[in-house]
């Protein structure tokens, strides 16, 4: 049989990743609890988010034990979303600019 | 006899439906060591990534372009316990529940590799139970937001009106995924318990269900960071 069909890891691998995810989640919660603001806040939120996502994908979803053909087929396409993000950042800046110049936002908050 | 000749013509030329089908089903494989079921789950999750990605980008566009202040999630989702306001406490509990369910699922997959029928089934049922409690807490959160805070998809008392529609859309779609996952896991766990996978000689169904469940947890990591903490 193929080697990956029988992949086995000691249970401690999963328990340690689980613990690590708990700690990282606590950290990201503490960012909010202690009101960390500004660039540091965005940096910490993104750091803990990417660390958690990386651990889940690579260990829990076993991606790090897959072959490169599989890893690249699944992990590369989402990078296209970054282009989408960049386009929408430009668009949103334009929209908020024209709203600021053309509208007064008094009636925006609708009534109950 | 003549049918066979026509078929081989179609296969060789690649024309017509038969030719196309033979091209797609020829004896080639890209993903070695990965069964079609697992590969297709990955492809489905990839497509789901784009759906949630687009939702989050839509949220980013709305929040960046609004001229009305965005409600502060830390305050909107605070919970008063014993006279003290805890910011985001319910969301934090939901996060820990979902991460725990991912941990039990990962261990279920591992016991599946070892063909340990009972432990696999028990851990999967436990995963489903944790998923169900997540959905329960989400229902509580939605009720509180709708009834007490007066948040609607078109307006809310705290600020930018898009807050409601985006909150209900993104967490609703994620909650739907969790709910479907609970049903999916329960069905697979029952099959494990019944011994279906022992008869089939492979516990791969557990691994495929696990991929789906971990993805649900993964999406929550991004929602937690971008919607609740940002």
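Among all positions in segment B:80-93, there is at least one residue which is within 10 Å of chain A (Cβ to nearest Cβ), in a loop (DSSP other than H, G, I, E, B) and in contact with a helix residue (DSSP H, G or I) (Cβ under 9 Å, 6 or more places away or on another chain). The residues listed here are B:24, B:42, B:17, B:36; of these, the one that is within 11 Å of another protein chain (Cβ to nearest Cβ) and over 28 Å from residue B:229 (Cα atoms) is B:42.
Of the residues B:148, B:141, which single one is more than 19 Å from residue B:194 (Cβ to Cβ), surrounded by fewer than 17 Cβ atoms within 10 Å (Cβ to Cβ) and at pLDDT below 95? Working first, answer last.
Values: B:141 fails: surrounded by fewer than 17 Cβ atoms within 10 Å (Cβ to Cβ).
Step by step, each of B:148, B:141 is checked, and only B:148 is more than 19 Å from residue B:194 (Cβ to Cβ), surrounded by fewer than 17 Cβ atoms within 10 Å (Cβ to Cβ) and at pLDDT below 95.
One line per residue, one yes/no per condition, for (1) surrounded by 16 or more Cβ atoms within 10 Å (Cβ to Cβ); (2) modelled with pLDDT of 80 or more:
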site	(1), (2)
B:8	no, no
B:24	no, no
B:86	no, yes
B:91	yes, yes
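Against the test of being out of contact with any helix residue (DSSP H, G or I) (no Cβ under 6 Å at 6 or more places or on another chain), in a helix (DSSP H, G or I), crowded, with 16+ Cβ neighbours inside 10 Å and on the phi < 0 side of the Ramachandran plot, the options A:70, A:40 yield a single qualifying residue, A:70. Out of all the residues in segment A:32-67, which are over 9 Å from the mean Cα position of the chain (by Cα), more than 8 Å from chain B (Cβ to nearest Cβ) and closer than 16 Å to residue B:95 by Cα? Scanning segment A:32-67 gives a single hit, A:55.
May I ask you to say which residue of A:27, A:22 is more than 7 Å from every other protein chain (Cβ to nearest Cβ) and out of contact with any strand residue (DSSP E or B) (no Cβ under 7 Å at 6 or more places or on another chain)?
Values: A:22 fails: more than 7 Å from every other protein chain (Cβ to nearest Cβ).
None of the other options fit; the residue is A:27.
In segment B:186-216, how many residues are within 14 Å of chain A (Cβ to nearest Cβ) and within 22 Å of residue B:97 (Cα to Cα)? Total satisfying the criteria: 11.
The values are calculated or read from the model by the stated rules, or taken from the named source; none is laboratory data. These numbers were taken from a predicted model, which means no experiment stands behind them. Every residue, glycine among them, receives a Cβ derived from its backbone with ideal geometry; neighbour counts consider all protein chains shown.
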